[in-house]
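Okay, structure first, notes after.
The values are calculated or read from the model by the stated rules, or taken from the named source; none is laboratory data. Everything quoted here is computed from the prediction, not taken from an experiment. With ideal geometry, Cβ positions are generated from the backbone for all residues, glycine too; neighbour counts draw on all protein chains shown. Side chains included, ligands, DNA and RNA excluded: accessible areas come from the protein's heavy atoms. Shrake-Rupley method; radii C 1.70, N 1.55, O 1.52, S 1.80 Å.
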Amino acid sequence: MQDQTASARKASSPTADQEAIQAVIAKNKAAQPVAQPGPMEFGIMNVSDVTRDPVANYTPSEGERLTDSLAEAVHAEEVGFDVYAIGEHHNPPFFSSSPTTFLAAVAAQTKRLVLSTSTTLITTNDPVTLAEQYAVLQHIAQGRVDLMLGRGNTGPVYPWFGKDIRQGLPLALENYNLLHRLWHEDVVDWEGSFRTPLQGFTSIPRPMDDVPPFVWHGSIRTPEIAEQAAFYGNGFFANGAFWPEDHFKRLVELYRSRFVHWGHGTAQQAVVGVAAQVFVRKNSQDAMREYRPYFNESPIYKGGPSLETMMAETPLLVGSPQQIIDRIMHQHEIYGDYARQMFLVDHGGLPRKTVMEELDLLGSEVLPVLRKEMAAIRDPQAVRTPTHTDMVKARYGDQEPRQPRPNANRGDNVTGTSPYTDSDDSIQVRLPRL
């Protein structure tokens with residue numbers, strides 16, 4: 001179903017299909033592994049909700065939430081987190097309709113923090129737009145960028161962008177197939193089911209060092225998304241802050257087995273990320289007391305199972321630093337070694353002061369212990385999330401990476417040969433059909 005197996009789709013017999021698939025697997029096995037052994041990383045994720053604080057009876061403005069979230073991201077780096085991720089939404093009550101704009105601001109105020117997304121909508125966004133915007137962000141942040149693709153589950157958003165939620169899964173699969181090509185080919189001719197065809201199209205700018213950002217595929221229920229992540233050798237994110245843990249265990253196991261099937265390496269080399277929602281205080285009694293009104297009025301939790309039930313059955317972690325540590329170590333028992341642990345800390349109307357206090361506690365009393373205890377039980381071959389440096393090394397080895405340089409402006413740089421000075425002159429670019 002993927003572009004990499006186009007020859008398999010066009011084959012005239014089951015034997016030819018199988019031969020094409022085996023050729024893809026052989027190519028993957030021959031490639032340099034991208035993910036390298038390394039430590040687990042920890043990050044903060046923000047879904048960008050604008051929710052009334054039920055204790056103060058105060059609803060912040062969208063501008064306040066933007067400003068507070070930017071401060072939160074900067075402080076996350078200060079207290080020792082590795083990653084900060086923002087969501088994408090195009091409906092109230094959320095604020096992050098332009099994740100790349102927000103993350104560019106974070107990049108300008110940080111030095112080492114990896115910038116990511118807790119959802120980039122692969123369904124309602126045009127893959128051309130995603131290719132261009134995230135390549136620009138990657139250059140601005142000097143490679144400190146990856147992104148997590150997701151479908152989005154808000155029905156009305158789809159028609160606002162000319163899409164049909166009933167086609168959500170085919171949209172997600174086809175759109176990433178195109179995004180992958182746009183980032184890996186200078187000139188793309190393409191035709192699919194959900195957008196106008198492309199002829200002689202070049203996505204600009206090319207990715208930094210001609211190596212695109214690392215991609216996660218996030219899902220809460222869909223095995224086809226785990227399969228696509230495995231097919232491309234990308235990461236799989238179990239975005240399970242609100243769902244039972246055993247459900248995500250099955251998806252992670254599927255992804256790892258298919259990662260091996262497609263020839264990208266061992267199950268240990270498959271890149272897995274996990275999420276949890278956290279509310280932390282010095283002692284458990286204060287944590288439960290302070291968080292309960294936010295839980296009771298949460299648009300997600302209100303009217304459902306009790307706080308105690310959700311804490312027992314999902315990655316909702318409310319308690320003291322030691323209790324948070326214990327629950328994250330329990331995540332390791334469920335998923336084995338994984339690469340990235342994300343924490344949702346500001347959801348549901350929590351005020352800025354409380355969120356900053358949580359970050360301080362997590363940075364001073366939780367992260368140091370988790371890093372030490374995870375390292376002690378982690379297999380030496382367990383991989384970290386690939387960095388830009390890792391991906392450049394996998395592609396180029398000891399050679400200098402490509403720096404795409406456009407040919408001189410002729411007044412018409414969309415016909416003739418490929419637009420870069422080092423491209424193959426045999427590649428012919430033609431104007432689109434009108």
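Which count do you get for residues in the range 153-201 that are touching a Gly at 6+ places or on another chain (Cβ under 8 Å), in a loop (DSSP other than H, G, I, E, B) and either closer than 19 Å to residue 228 by Cβ or of a type in the set (Lys, Arg) (or both)?
The qualifying residues number 0.
Considering only residues that are touching a residue at least 60 places away in the same chain (Cβ under 8 Å) and in a strand (DSSP E or B), which ones fall in the range 113-152?
Of everything in the range 113-152, those that are touching a residue at least 60 places away in the same chain (Cβ under 8 Å) and in a strand (DSSP E or B) turn out to be 114, 116, 145, 146, 147, 148, 149, 150.
Given (1) farther than 26 Å from residue 92 by Cβ; (2) in a loop (DSSP other than H, G, I, E, B); (3) over 22 Å from the mean Cα position of the chain (by Cα), identify the lone condition not met by residue 302.
Exception for residue 302: condition (1).
Run residue 349 past the list (1) at positive phi; (2) of a type outside the set (Asp, Glu); (3) in contact with a strand residue (DSSP E or B) (Cβ under 9 Å, 6 or more places away or on another chain); (4) at pLDDT below 95 and report the number of the one that doesn't hold.
(4)
Restricted to the range 282-304, and to residues that are in contact (Cβ under 8 Å) with a residue 60 or more places away in the chain and within 15 Å of residue 52 (Cβ to Cβ), which residue is least open to solvent (accessible area, probe 1.4 Å)?
Looking at the filtered set, the residue picked out is 298.
In the range 1-37, which residue that is assigned to a loop (DSSP other than H, G, I, E, B) and of a type in the set (S, T, N, Q) is modelled with the lowest pLDDT?
Taking the candidates together, the pick is 2.
Being touching a Leu at 6+ places or on another chain (Cβ under 9 Å) and aliphatic (A, V, I, L, M) narrows it down to one residue among 342, 329; which is it?
329
From the residues in the range 38-67 that are among the hydrophobic types (A, V, I, L, M, F, W, C) and in a loop (DSSP other than H, G, I, E, B), which one is most open to solvent (accessible area, probe 1.4 Å)?
55
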